[in-house]
1. Ala85 versus Leu42, label points 7 Å from Cα toward the beta carbon: distance in nm?
2. Compute the Rg to Rh ratio over region 19-71 from the alpha carbon atoms, using the Kirkwood formula for Rh, and round to two decimal places.
3. When the chain is fully extended, how far beyond the present Cα-Cα distance does Glu110 get from Ala56, taking 0.36 nm per residue of separation?
4. Taking a cut-off of 20 Å between Cα atoms, list the aspartates and glutamates near Lys30, but don't count ones fewer than 8 places away on the same chain.
5. Kirkwood Rh, Cα Rg: Rg to Rh for region 74-116?
Amino acid sequence: MATETSPPEHVPTQLSTTQHSRELCIQTIKKTGWGQGMDDALVDLIFEYVQSYRVASGGVICKQGERGDFMAFIVSGTFSVFRTANGKKQPVASLGPGDSFGEMALVDDEPRSASIEATEDSDI
């Protein structure tokens, strides 16, 4: 589930809109590290801005250095977080269901610090 209204421009063929149940979306938000302990009213407010997407395996959902205008909660699948230096990918982390990404670009208004790539068909 991404908090954005349309897919990022650089991955239009790798991202498609899906529909997840309200309950699944809320459970996913509450599973994230920062979503744990949120009261229901705040989660309901966040849910109003959520869009669900399917990311094809190999789809790069965020690119290092680009402006960040959304964050995402991982519902299913896995993602690789990597930085590129001297033309080479440097792995940073692996993410899966219950994890989130992209929030720092929203908080500090800085460019994305890493790229995020789906390692299998995934839902956010």
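Any read-out appearing in this document is the output of simple, stated calculations on the displayed coordinates, not a laboratory observation. What you see is a predicted model, and the numbers here were worked out from it, not measured in a lab. No Cβ is skipped: glycine too gets one built from the backbone with ideal geometry, and neighbour counts run over all protein chains shown.
1. 3.5 nm
2. On the way: Rg = 13.1 Å, Rh = 12.9 Å.
Radius of gyration over Kirkwood radius for region 19-71 works out to 1.02.
3. 16.8 nm
4. Here the aspartates and glutamates satisfying the reach criterion relative to Lys30 are Glu4, Asp39, Asp40, Asp44, Glu48, Asp99, Glu103, Asp123.
5. A ratio of 1.01.
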